[in-house]
1. Can you put A:81, C:31 in order, fewest other beta carbons within 10 Å first?
2. If you consider only alpha-carbon coordinates, what radius of gyration and Dmax does the stretch A:2-126 have, in Å?
3. Would you look at the GNM of chain A, springs on alpha carbons closer than 10 Å, and say which of A:29, A:66, A:74 moves the most?
4. Using only alpha carbon pairs under 8 Å that are at least six residues apart, calculate the relative contact order of chain B and give it in whole percent.
5. With a 10 Å radius around each residue's Cβ, average the other Cβ atoms per peptide and rank B:1-12, B:30-41, C:70-81, highest first.
6. Over the Cα atoms of the protein assembly as shown, how large are the radius of gyration and the largest Cα-Cα distance (Dmax), in Å?
7. Need one number: nm distance between label points at residue B:74 and residue A:111, each 7 Å from Cα along Cα→Cβ, rounded to one decimal.
8. Considering every residue in B:51-59, what mean count of other chain Cβ atoms within 10 Å of its Cβ is obtained?
Amino acid sequence: MIDFFLGHYGYWFAILLMCLGLYGTIMKKNLIKKLIGMTIFQTSIIIFFVASSSKWGATVPILDEKIGVANTAKYINPLPHTLMLTAIVVGVATMGVALALVITTYLRYKTLDESVLLKRMKKDNDN
Amino acid sequence: MKIVNYLIMIIFSALMIYASLSLPDRGDAYAVLNKEKSLAQTQNAASYYIHNAKKDAETENMVTVILADYRGYDTLGEETVILTAGLICFLLLRIEKNKNGKKKR
Amino acid sequence: MERKKDNPIVSLVSRTVSPFIMLFALYVIFHGHYSPGGGFQGGTMLAAAFILIRLSLGMETSQLQFKSSWATPLGSAGVLIYFGTGLVALLFGGNFLDYGFIPFTGTVAENRSIGILCIEIGVAIAVMAIMVSIYDDLLKGSPDD
């Protein structure tokens, strides 16, 4: 039981962050707060992948002449690190796009509140 | 409408916790993800990279070798995504100025 | 936006620190074969050095260092370096992005090492230019500018 807890609490923290991000994304009315929730969600996924790649007693995935490559248990799994490395930078770039969309929305409708925004968009469509 | 949102959140977190129960322990060096052979008795990708990175590319950092060599096509796609994001920002927020200095969108 | 008078401490510290950030970013890029690092990380740090100057000294002064209009061509150039390396490998008879066929030096493994360095440089240039360009665009689009 205690072993199970010690083996899984890292995942549960990532899941907690994920739920926090989902809460911000679907409950908050402000678009910027939704965006913050989305970023927290993305970060939680990155944390989950990095946590799943760890091995106890292993070192970073850089070849050490003293350790050699015979035993793969001596190096942590390099594949999730590679995937998340690109995911972080792409996440920043896509967040820039989302912020640009929010700015153009604000400049056009003068609000960031979701319900007011929907009302104004409807009025705009009727005209 | 609010109740549906709460319901979605509860179902989501319950599903996630349920899924996490069957994951291998964190830090287990002999989990399926980290094993030498996969379930279908073929070579696992991660162990292949650890064994052959130095031999194939004369580079100590395995992450660099995977990023740029084994999965170079993937990285080319990622870089195109970044360039596209920059171009989208440029196109969305470009401001044209009129002759009298007034901003026009 | 009405700028307050420039604080001399902020401008001096940021101007002093920025070159060292750039130097460390170049170290991260070119030492990525032997230590944690590579194109993505180093490019982001280079962009951080430029954005620090932009934050502290303002848009007009920082145009002397890195013009906003250079960003998009530089980003395209970075992607072209990456793509061109793959294409050169194709011309020498290998597959696309198979650097072992480009005759830089003797062995196939060393060719791959130098090919990886080439595309890391391409990635770094592209990421740096695009980050600076996103910052500039967001600042330009802000309503009270």
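None of the figures in this text is laboratory data; all of them are computed from the coordinates on show. What you see is a predicted model, and the numbers here were worked out from it, not measured in a lab. Note that we place each Cβ from the backbone using ideal geometry, even for glycine, and neighbour counts take in every protein chain shown.
1. In increasing order of surrounding Cβ atoms, one gets C:31, A:81.
2. 20.9, 73
3. Of A:29, A:66, A:74, the Gaussian network model singles out A:66 as fluctuating most.
4. Relative CO of chain B lands at 8 percent.
5. C:70-81, B:30-41, B:1-12
6. Every Cα atom of the protein assembly as shown included, Rg and Dmax give 23.9, 74 Å.
7. 4.4 nm
8. If you average over the peptide's residues, the count of other-chain Cβ atoms is 6.
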